[in-house]
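K.L.:
Just dropping this structure here.
Read-outs throughout are calculated quantities, based only on the coordinates presented, and are distinct from any laboratory measurement. For clarity, every value in this text was computed on a predicted model and none was experimentally measured. So basically every Cβ, Gly included, is an ideal-geometry build from the backbone, and we count neighbours across all protein chains shown.
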Amino acid sequence: MQLYYADLHVHIGRAQGRKIKVTASDKMNLAYILKQGVLEKGLQMVGIVDCGSPMVLQDIEELIEEGELRPTRNGDLISRRGVMLLLGVEIESREGVHFIVYLPDLEAVKTWQKIMQRKVTNPILSTQKTSMGATELIDLAAVLRGIFVVAHAFTPHRGAYGCWVYRLYEGLGQRVHHVMAIELGLSADTDMADTIKETRNYAFLSNSDAHSPANLAREYNLLRMGGLSFAEFRMALTGEKGRRIMANYGMHPLLGKYHRSYCPQCRVIAQTDQATFTCDICGEQMIPGVWDRILAIRDYDIPHHPIGRPPYHYRVPLHFIPELGPKTYARLRRAFGSEIQIMEHADLEMMRRIVKPSVVHYIEKMRNNELEIIPGGGGYYGKVKKSDDDH
């Protein structure tokens, strides 16, 4: 068995010279991600969720021709640098909810695209809106031997719990048993999600939803698998034969853009210790915060983790760390390699010889889940608070 770091929700900005994700950086192309991005971050597995676009498929096929990607006997794609490309599609259902379907090989991707040509308005773009309902998407995923995941499940914008249902069963019926994982999203963590009883039935994934190079691997998972393959990943989600998710690493929920409810009229974030959906100032409905929504629909006051639920470790991108500027970042990269290596494994005493002790102080606090956070909301990220004992 080996341990692999994986970020399984990454967006392409441009493919074949065309814009794929309007809000994503043009630098986020497949070649950059596989040749440079994953190495800078320290990932061994990356999930590209725009494979529903024919332009992205053409990029993949070109990289195969160039030898940058190698198909295995089972159809898995491994880069020249040994990183697995997991083929994924983020799709918006008829209900206005986002889901991710991971597909086993390029043939399954081509079949998906052929079916969706008649079901979406613009097959070129990312996160396509389909006329198919959520249950139909589950059926299609099953036919193609895919893995069905609820994307950023708790966010107010297109998250299943955030904008659609109180319980997945309400929207999916018996097909809820075919959901293989819930993606927590940037404003939720394991403790929050496990206050809802039905979540105990699902694996949790913590992914970046990256639209830019800086945000690649801002959240990631540690997987124990027998190798890099779609079949191994499926077993890790279900905990079969010793494969499993060992840990989730994610931004503290307070840092999320949608952690607390927000009034766009008054530009204020809810501050109460109760679920708040109406602005105290103007009386208008607020954009629901993830914390507020979960508090309103939860089953338990405290989390009830199922046996074997992986630990959740709070992390922030290195550029969120106070006093960690470009020069300090470059020194750390030269000394220790990837960002994940710096955050998880680099020796702190050795680090203190290279950069200011105050920077190491924050990294150590991050490893211990002790960073103080100024909450975010209303589309704005929170911030790491500078410590009074900064030294």
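K.L.:
Quick one: 3J(HN,Hα) in Hz for region 293-310, Karplus 6.51/-1.76/1.60 with θ = phi - 60°, rounded, Gly and Pro as x.
P.N.:
Taking θ as phi minus 60°, the curve returns 5, 5, 4, 6, 10, 5, 9, 10, 6, 10, x, 10, 7, x, 4, x, 4, x Hz for region 293-310.
K.L.:
Take each of the peptides 373-379, 267-273, 185-191, average the number of other beta-carbon atoms within 10 Å over its residues, and list them starting from the highest. Numbers along the way, then the final one.
P.N.:
Values: 373-379: 19.1, 267-273: 14.6, 185-191: 25.1.
Put in order of decreasing packing, that is 185-191, 373-379, 267-273.
K.L.:
Among 370, 339, 95, which one moves the most in a GNM of the chain with springs linking Cα atoms closer than 10 Å?
P.N.:
Result: 370 has the largest fluctuation of those listed.
K.L.:
Who wins for biggest fluctuation among 96, 250, 52 in a Gaussian network model of the chain, springs between alpha carbons below 10 Å?
P.N.:
Its mean-square fluctuation being the largest, the pick is 96.
K.L.:
Calculate log10 I(q)/I(0) of region 1-148 for q = 0.13 Å⁻¹, where I(q) comes from the Debye formula with a single equal point scatterer on each Cα and nothing for solvent.
P.N.:
-0.54
K.L.:
In a GNM of the chain with a 10 Å cut-off on Cα contacts, which of 153, 134, 296 has the highest mean-square fluctuation?
P.N.:
Answer for the Gaussian network model of the chain: 296.
K.L.:
Expected output is a single nm value to one decimal: the length gained when fully extending between residue 273 and residue 296, i.e. 0.36 nm times separation in residues minus the C-alpha distance. What is it?
P.N.:
Stretched out fully, the residue 273 to residue 296 stretch lengthens by 7.1 nm.
K.L.:
Okay, next question. Testing the spin-label approximation: label points 7 Å from Cα along Cα→Cβ at residue 36 and residue 18. State their distance in nm.
P.N.:
2.5 nm
K.L.:
Please give, to one decimal in nm, the separation of the simple spin-label points placed at residue 70 and residue 334, each 7 Å out from Cα toward the Cβ.
P.N.:
3.3 nm
K.L.:
Please list the non-local residues whose amide H lies under 5 Å from the amide H of residue 373, H modeled 1.01 Å from N, same-chain partners needing a gap of 5 or more.
P.N.:
Answer set, sorted by chain and number: 385.
K.L.:
While we're looking at this one, here's another question. Per the Kirkwood definition applied to all pairs of different Cα atoms, how many angstroms is the hydrodynamic radius of the chain?
P.N.:
Kirkwood radius, the chain: 21.5 Å.
K.L.:
Which value, in debye to the nearest 20, describes the size of the charge dipole of the chain about its Cα centre when Lys and Arg Cβ atoms bear +1, Asp and Glu Cβ atoms bear -1, and nothing else is charged?
P.N.:
Dipole size: approximately 700 debye.
K.L.:
While we're looking at this one, here's another question. Given the Cα-Cα distance of residue 177 and residue 3 and 0.36 nm per residue of separation, how much length would full extension add, in nm? Mind dumping the intermediate values first?
P.N.:
Numbers: separation 174, 0.36 × 174 = 62.64 nm, distance 2.76 nm.
Net length gain for the segment: 59.9 nm.
K.L.:
Next question, about the same structure. Based on alpha-carbon centroids, what's the gap between region 291-364 and region 202-275 in Å, whole number please?
P.N.:
Region 291-364 and region 202-275 have Cα centres separated by 14 Å.
K.L.:
To continue, here is another question. Explain nothing, just compute: Karplus ³J(HN,Hα) = 6.51 cos²θ - 1.76 cosθ + 1.60, θ = phi - 60°, for every residue of region 188-203 in order, whole Hz, x for Gly and Pro.
P.N.:
My calculation for region 188-203 gives 9, 9, 4, 4, 5, 5, 7, 8, 9, 4, 6, 5, 4, 7, 10, 6 Hz in order.
K.L.:
Where both partners of a DSSP beta bridge lie in the chain, what percent of those bridges are antiparallel, to the nearest 5? Write out the running numbers ahead of the final one.
P.N.:
Values: 36 of 56 bridges.
Counting DSSP beta bridges with both partners in the chain, the antiparallel share is about 65 percent.
K.L.:
Turning to a different aspect of this structure: For the pair residue 114 and residue 367, what calculated FRET efficiency results from E = 1/(1 + (r/R0)^6), where r is the Cβ-Cβ distance and R0 = 56 Å, to the nearest 0.05?
P.N.:
0.75
K.L.:
Anything over 32 Å Cα to Cα? Flag those among 119/197; 27/110; 35/386, in the order listed.
P.N.:
With Cα atoms farther than 32 Å apart: 119/197; 35/386.
K.L.:
Stretch residue 143-residue 169 to full length: gain in nm at 0.36 nm per residue minus the Cα-Cα span?
P.N.:
7.3 nm
K.L.:
Also, quick follow-up: Tabulate in residue order the Karplus-calculated ³J(HN,Hα) for region 78-86, using 6.51 cos²θ - 1.76 cosθ + 1.60 with θ = phi - 60°, rounded to whole Hz; enter x for Gly and Pro.
P.N.:
For region 78-86, the Karplus-derived couplings read 10, 6, 4, 8, x, 9, 8, 9, 8 Hz, x marking Gly and Pro.
K.L.:
What ranking do 194-201, 326-333 get when scored by the average of other Cβ atoms within 10 Å per residue, highest first? Don't skip to the answer; put the middle values down first.
P.N.:
Values: 194-201: 17.1, 326-333: 14.0.
Result, highest mean Cβ count within 10 Å first: 194-201, 326-333.
K.L.:
For a protection proxy built on the mean count of beta-carbon atoms within 10 angstrom, sort 361-367, 38-44 highest first, please. Intermediate results must be reported in sequence, preceding the final value.
P.N.:
Values: 361-367: 18.9, 38-44: 21.0.
Highest-to-lowest ranking by the protection proxy: 38-44, 361-367.
K.L.:
Given H placed on each backbone N at 1.01 Å, which residues far from residue 79 in sequence or on other chains put an amide H within less than 5 Å of it?
P.N.:
70, 84, 85
K.L.:
Next question, about the same structure. First select every other residue whose beta carbon is under 12 angstrom from the beta carbon of residue 121; then total the charges, Lys and Arg +1, Asp and Glu -1. Can you show the working numbers first?
P.N.:
On the way: positive: 118, 119, 129; negative: 92.
Combined, the nearby Lys, Arg, Asp and Glu give +2.
K.L.:
Let me check I've understood the local charge: for residue 13, count other residues with C-beta under 11 angstrom from its C-beta, Lys and Arg +1, Asp and Glu -1. What total comes out?
P.N.:
Details: positive: 14, 18, 19, 21, 27; negative: 26, 50.
With Lys, Arg at +1 and Asp, Glu at -1, the net is +3.
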